[in-house]
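Please treat every number below as a calculation from the coordinates, not as lab data. Nothing here was measured: the structure is a model prediction, and the numbers come from that model. Using ideal geometry, Cβ is built from the backbone for each residue, glycine included, and neighbour counts are taken over all protein chains shown.
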Amino acid sequence: MSVRILALVGSLRAGSHNRQLAEAAVKLAPEGAEVVLFEGLADVPFYNEDIDVEGNVPAAAVKLREAAQSADAFLLFSPEYNGTIPAVLKNAIDWLSRPYGSGAFGGKPVAVIGTAFGQYGGVWAQDDTRKAVGIAGGKVIEDIKLSIPGSVTRFAETHPVDDTEVAAQLTEVVARLHGNVGAAA
């Protein structure tokens, strides 16, 4: 049985280094794991309880929830915007945390990683993301971390999948997340 890991990227930019990291995770997934990169976060409206009503939920939010429900685990990629989590990723977490008590995270394993231009690789944003997704019901695997600094220069001419060090670290992250699926809560 293959483990399905849903990847959510907190950057909408076409050339995003975090998106490239997610693409690398798709390619580097070990046997028995499938990393699926969710497309469409830009289409999900800001969370609003007035539109989160059965029969009225926007199609993009339904698509996100369905993808999350079919996932066994989550791999979130967070850049750092003004020292914290990007709005698009926070919005996805908000949609997936509802309906209250039965959100899509439902105790499933979650790892948060990413890259940023700064010298710490976006650790503040990743810490905020871990906090938000944990409150939303995800089982955050706190010891799975990967924060890659200097993204603009490090990946200026090299895709993360072609960076030997990053590829090895990313492979380890996915393998460890895969190993947490079905682990005792």
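Worth a mention:
- Near the amide H of residue 148, within less than 5 Å, lie the amide hydrogens of 114, 115, 116, all on another chain or at least 5 residues away, with H placed in the peptide plane.
- In Å, descending, principal axis extents of the Cα set of the range 3-180: 47, 35, 25
- Largest mean-square fluctuation among 54, 165, 66, in a Gaussian network model of the chain whose springs join Cα atoms under 10 Å apart, belongs to 54.
- The chain, relative contact order in percent, only Cα pairs under 8 angstrom and at least six apart counted: 26
- Helical runs assigned H by DSSP (4 residues or longer) give the chain a calculated mean residue ellipticity at 222 nm of -11000 deg cm²/dmol, each run adding -39500 (n - 2.57) before division by the residue total.
- DSSP beta bridge pairing in the range 3-180, given as percent antiparallel to the nearest 5: 5
- Residue 37-residue 120 pseudo-label distance in nm [points 7 Å out on the Cα-to-Cβ vector]: 2.8
- For residue 34, the amide hydrogen comes within under 5 Å of the amide hydrogens of 3, 4, 5, counting only partners 5 or more places away or on other chains and with H modelled in the peptide plane.
- For residue 110, the residues whose amide H sits under 5 Å from its own are 74, 139, 140, 141, ignoring neighbours fewer than 5 places away on the same chain, with H placed 1.01 Å from N.
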